[in-house]
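Please read the structure below before turning to the comments.
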Amino acid sequence: MSSDTFAQTRILLRHRPYLLYFGARGFSKFAAQIGVVAVGWQVYELTGSALYLGMVGLTQFLPTAVLVFVAGHAADRYERKRVAQICQMAQGLTAAYLAWGAFGGSLSVFELFAAVAVLGAATAFESPTTAALLPGVAPDGLLQKATALSLSVFQIATISGPALGGLAYAIAPAVPYTVMAVFWLVASLLNGAIQLQRPVKGREPPTLSALFAGVGFVRRHPAILGSISLDLFAVLLGGATALLPIYARDILHTGPWGLGVLRAAPAVGALMMAVFLSRHSFKRRVGMRMFLAVIVFGCATVVFALSESFWLTLPALAVMGASDTVSMVIRSSLVQLSTPDEMRGRVSAVNFLFINASNQLGEFESGVTAALLGVVPAAVLGGVGTVTVALLWMKFFPALRKVERLE
């Protein structure tokens, strides 16, 4: 690491608002990743159905689709740290309810889906709010590095969370939900302690045009529209990781702990890439790097789909995580740097609807396709579709392909 890069990283880690944001993001994502394994395994254990596994993703997506534009406006109108804090308190209380039901052995599939819907609604507000909050807590000139570093703590949580979630679930179903509740409540306290140096000004009243202003902004900027829609279709088609409980139990013949390790594998690759990007910013050919990253993601998905070996599946998942991180850093930095601060909540809401929510919709698509075609054909089809979309988008969005650098 050069002395200049080391100094910039040290500035970030000593900047108190960013440190609190960094910690809150880590605890919140840690809790969410524990929940992915706990809820997924319990739903499959209760139903034995790939379709029900896919329905978990759809249940998370629907409240997001309904609330995301309201959430984006809330992030621009109200104090962002308070919005995030309230969301994390709601998530913590929901996890506490799941822990109570699991402890008593009375938790039903309906209650699991109801809790997932509440968590999806809270996430619809939390995600665009925390994304819009990042430029306000990052020191001037260090947004790209702050984005990469915040992704690294997310990946640390993603690595540790599924492994801990699988291990905790093996002890007792109530244990992972209890840990989730504690982590979300800690995250809410950390967010509440953030002191912004650049508060948002000029809050707009909640008119219909104000609610959908983010959509118009994205449509007027082809590079942003191309990057967001590219990830939308890549995630939608490449959501084969939703089938991991089936791969773990029926193809790779492992248990809850093995599922946790498989869930963590993409995050290992993503963490390595995030650490690399926090030291080495992109200097040139940024648009083409994003397209290449999505193509690599699709190819790795095909390898994952066809693998019947635990030790081949792990590196394939790691490559998927690393390539996805490249795309995420470019997209996030491009969106934030191109958006005025008073619009960041609404533009982040559009970004969240296209990208983060498409994770859940992609899980539903994978579950339905697997139920119709079989698990392996569904995963292969998703990987091939991802590569196809990347090649088509190179033609449809030349403005994104020609982006040279992030400034």
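A short reminder: the numbers here are calculations on the coordinates, not readings from a lab. Remember, it's a predicted structure, so these values are computed and weren't measured experimentally. Cβ atoms come from the backbone with ideal geometry, glycine included; neighbour counts cover every protein chain shown.
A few comments on the model shown:
- One decimal place: the segment A193-K395 gains 68.1 nm when fully extended, by the rule 0.36 nm per residue minus the C-alpha distance.
- Extents of region 259-321, largest first, come to 39, 21, 12 Å (Cα atoms, principal axes, whole angstrom).
- Rounded to the nearest 20 debye, the dipole size of region 264-407 about its Cα centre is 680 debye, using +1 on the Cβ of Lys and Arg and -1 on the Cβ of Asp and Glu.
- In this Cβ point-charge picture (+1 for Lys and Arg, -1 for Asp and Glu), the chain has a dipole of about 1380 debye about its Cα centre.
- Spin-label model, D341 to W100: label points 7 Å out along the Cα-to-beta-carbon direction sit 4.1 nm apart.
- Evaluating kT/(6 pi eta Rh) at 4 °C and 1.567 mPa s, with the Kirkwood radius of region 248-365 over Cα pairs in the Stokes-Einstein relation, gives 82 µm² s⁻¹.
- Take the Cα radius of gyration of region 328-397 and divide it by 2.2 N^0.38 Å, N being the number of residues; the result is 1.41.
- Restricting the calculation to alpha carbons of the chain gives Rg and Dmax of 19.9, 58 angstrom.
- On the principal axes of its alpha carbon atoms, region 296-340 extends 48, 14, 10 Å, with the longest extent given first.
- Pairwise Cα inverse-distance average, inverted: Kirkwood Rh of region 159-311 (Å): 19.6 Å
- Take the Cα of Y78, step 7 Å toward its Cβ, do the same at H280, and the gap between the two points is 4.4 nm.
- Pair-distance profile P(r), taking every C-alpha pair of region 1-146, with 5 angstrom steps and integer %: 2, 9, 16, 17, 16, 13, 10, 8, 5, 3, 1, 0
- At least 20 Å along the helix axis (C-alpha) and Kyte average at least 1.6, DSSP helices within the chain: 222-237, 286-306, 375-396
- Note on A65 and A7: with the Förster distance fixed at 51 Å, the Cβ-Cβ geometry gives a FRET efficiency of about 0.75.
- Evaluated over the chain, the count of Lys pairs having alpha-carbon atoms less than 17 Å apart is 4 (only pairs 8 or more residues apart or interchain).
- Contour excess over end-to-end distance, with Cα ends at R220 and D140 and 0.36 nm allotted per residue: 26.2 nm
- Treating each Cα of region 8-54 as one equal point scatterer and applying the Debye formula with no solvent, the log10 of I(q)/I(0) at q = 0.14 Å⁻¹ comes out as -0.52.
- Oblate is the label for region 24-75. Its Cα gyration tensor axes, ordered a ≥ b ≥ c, give a/c of at least 1.5 and b/c at or above a/b.
- Here the label points at T388 and I171, each 7 Å from Cα along the C-beta direction, are separated by 4.6 nm in the simple model.
- Positive dipole terminus of the chain, leading residue within L12, P266, F113 (C-beta point charges): L12
- Region 106-149: mean projected area of Cα convex hull, nm²: 4.3 nm²
- Diffusion constant of region 73-146 at 4 °C, which comes from Stokes-Einstein with the Kirkwood Cα-pair radius and 1.567 mPa s, µm²/s: 93 µm²/s
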